[in-house]
Amino acid sequence: MDMSKYMAIFRSESEKYIKEMSDSLLALELDPENIEQMNIMFRAAHTFKGMAATMGFRQIVELTHEMESLIDRFRTGRLILDSSLIDILFECLDALEGLVENVCKGAESKTEERKNDRSENNKSYPDAGEVLKTLRAINSPSEEVIPRKIESNSFSADKKREGKAEKKEAEVEKEKKTNERKEDKKETEKRKEEKEEEKEEEKEEKQLENIEDKELERINEELKEKKNCTDSGPDFKVKRVQSSRMQDSKPQSPKIQSSRISTEQLDKLMNLVGELVINRSRVKELTGESKSKDLELALSEFQKLTRELQEEVLEIRMVPLDHITNIFPRMIRNLAREQNKKINLVIRGKEIKLDRAIMEEIGDPLVHLLRNAVDHGIELPEQRVELGKEETGTIMITASKQQNYVLVKIEDDGRGINAKEILQAALEKGFISRDEAEQLSEREAIQLIFAPGFTTASTVTDLSGRGVGMDVVKNRIEHLGGSVKVESKLGFCSRFELRLPITIALYQAMLVKVGMERYAIPFTSIVKSISVRKEEVRHIRGEEVIVINEKALPLLRLRKLFQLPAVQKEESLVVVIVEKAGQYIGLVVDALLGKQEVIIKNFKSRLLEKTRGFAGATILGDGSVILILDVNSII
């Protein structure tokens, strides 16, 4: 039988059970005597083994069987769970993950190639054979042969030791049989109780049936008497309806509650919905002057249906944040142990959903920020105690849904960011001049950590020192149309705020007019729009600014940016205030045209893909193409 068609299901189910076992193991590390977590892990391992056996993956079955046996020894109290055994079980899970990865790629027979290419892979896995040997050695320990001098009483001493060992094994076996007898007794009692309950139910049903029959006979007698008196009306008789238990006895076919769909099909469906939305706007534009009530009603219904379809497709594309955060507890545990630190990871809001395309892109930035918090943020336990802090540091990930975007915060209670150290490192490595350093504020100095190649680490390690992590964070988030904001209190905490669009397939945008052209500004970047009198505009160092809440707001005229002629006579300015990572700027436009949903079309041409200032284009209802401004690259 060809099992390849079930490979996708096997992979997704395997990932689920390996994650479940990993979560239980993390919980057991904190509470090694938690029987509930042991049972959860045992059940997950047993189900996973059965699934692998069905697919015919012998190596996975053998490794999972030994792990299952080890977990069972913990459950029955024959072995005490300690940190070394937890490490071995984690290695076992990593090896299983590697085996699943290999069989899904059809490379289970290429053992030698895997060994040679292991250094080139993004993630290396423990050798499954070595892990299997370790588990077998623990589950079936062999007696060590220690050479010693033969003494007269050696035979009796050996006999004594053997007797003790046999006695201990007998006690364990006896206890096991006692537990089995108890379980059998409980099961027998349970079946007995169930039979008694069934008898009681049958007895009650019979009593009810007798009562119902008597009641029905009485009602029919009354109806008969009334019919004789009136001698009119149809002749009818009340019958007893079968009980629900009898009605439900007919077996029903199981209903399919869900089905799998490929990401390619989702993308195609989203593109079709996008085209449908564009055509909806086109139809609305063409029939705008029509006075037919029937046509207006049909268009209204069409608009409602397309909106519902659009919302459903967007919802299907949504993935909870837990999809990527589930790997972080294990990652933080390993990093903390490598650096001899004690760290507690707290994740809140993992049920918040984002577009699948965004979720695929933010994984690496979150990993970089967490690794940075472990390496640069959290202090060693003894240093934290000296500073009056708890020896266990805390890293917290918090996600919340705002009006038009999702806010993800990564904060730690570590040493914070030292702006002076950053400025010194930037000067030494030639990122800025001394004059520029003197003019930078503390907030602007902290932003230097996002410069390509910048690092404050003196040595290169597995965690830091190359200066690429924070650069990746900034570029990836801004490429998605989001922004990164940093806040820090020296000696106490650091916080990174990622502002992300909910979806990149559909934008809520403000249409503006500049000259004869129209442009779209995403609402995720807009703070508010205001009208300013020309007299309120001031000049500081040759730049135009306005004062709002006693703070200077710099202005950027889009006419000047797009090299269009200036307006000769203007009494007031229309200003759209936008924000990026705590920086605010006012974009001066000619007019506001209103809010509209736009389907973004990325630039696929090599000539346009690196165009600064624009995130893409969209098509309006009248068929015209307008550009979408990229606020992150403008500021």
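Would you please put 470-477, 540-547, 33-40 in order of how densely packed they are, using the mean number of other Cβ atoms within 10 angstrom per residue and starting with the highest?
Working: 470-477: 19.6, 540-547: 12.0, 33-40: 14.9.
Ranked by mean Cβ neighbours within 10 Å, highest first: 470-477, 33-40, 540-547.
Using r as the Cβ-Cβ distance of E15 and K569, and R0 as 45 Å, what FRET efficiency do you calculate, to the nearest 0.05? My answer for the efficiency is 0.10.
For the pair I316 and H479, the difference between a 0.36 nm per residue extended length and the Cα-Cα distance amounts to 56.4 nm. Protein heavy-atom accessible surface, 1.4 Å probe, per residue over segment 1-106: 48 Å².
Separation of the alpha carbons by more than 30 angstrom is noted, of K474/K595; K268/K293; K268/K528, for K268/K293; K268/K528.
At 1.4 Å probe size, what's the solvent-accessible area of S262? Round to the nearest 10 Å². For S262, the solvent-accessible surface is approximately 40 Å². Other residues within the sphere of radius under 12 Å centred on the Cβ of L498, judged by their own Cβ, net out at +2 (K and R +1, D and E -1).
Computed over protein heavy atoms with a 1.4 Å probe, the accessible surface of segment 379-534 works out to 51 Å² per residue.
The gain in end-to-end length when the I327 to E382 segment is fully stretched comes to 17.0 nm, 0.36 nm per residue minus the alpha carbon separation.
Between V283 and L490, what FRET efficiency comes out of the Förster formula 1/(1 + (r/R0)^6) with R0 = 56 Å and r the beta carbon distance, rounded to 0.05?
The computed FRET efficiency comes out at 0.40.
Mind checking the dipole of segment 1-106: about its Cα centre, +1 per Lys or Arg Cβ, -1 per Asp or Glu Cβ, Debye to the nearest 20?
Values: 11 positive and 19 negative charges, 105 e Å.
Dipole of segment 1-106, to the nearest 20 debye: 500 debye.
Under 11 Å from the Cβ of L85, count the other residues' Cβ atoms, weight Lys and Arg +1, Asp and Glu -1, and hand me the total. Here the count lands on -3. For E428, the shell of other residues with beta-carbons less than 15 Å away shows a net charge of +1, using +1 for Lys and Arg and -1 for Asp and Glu.
For segment 248-377, would you read off the P(r) tail past 23 Å as a percentage of all alpha carbon pairs? Summing the P(r) of segment 248-377 above 23 Å gives 60 percent of all pairs.
Here segment 505-627 is assigned +1 on the Cβ of each Lys and Arg and -1 on the Cβ of each Asp and Glu. Its dipole about the Cα centre then comes out at about 380 debye. The alpha carbon radius of gyration of segment 505-627, expressed as a multiple of 2.2 N^0.38 Å, is 1.12. Think of segment 1-106 as having a plus end and a minus end, set by charges on the Cβ of Lys, Arg, Asp and Glu; of L89, M67, G77, M67 sits farthest toward the positive end of this dipole.
The values are calculated or read from the model by the stated rules, or taken from the named source; none is laboratory data. Computed from a predicted structure; not experimentally measured. Every residue, glycine as well, gets a Cβ built from its backbone with ideal geometry; the counts of neighbours run over all protein chains shown. To get the accessible areas, we keep the full protein, side chains included, count just its heavy atoms, and leave off ligands, DNA and RNA. Shrake-Rupley method; radii C 1.70, N 1.55, O 1.52, S 1.80 Å.
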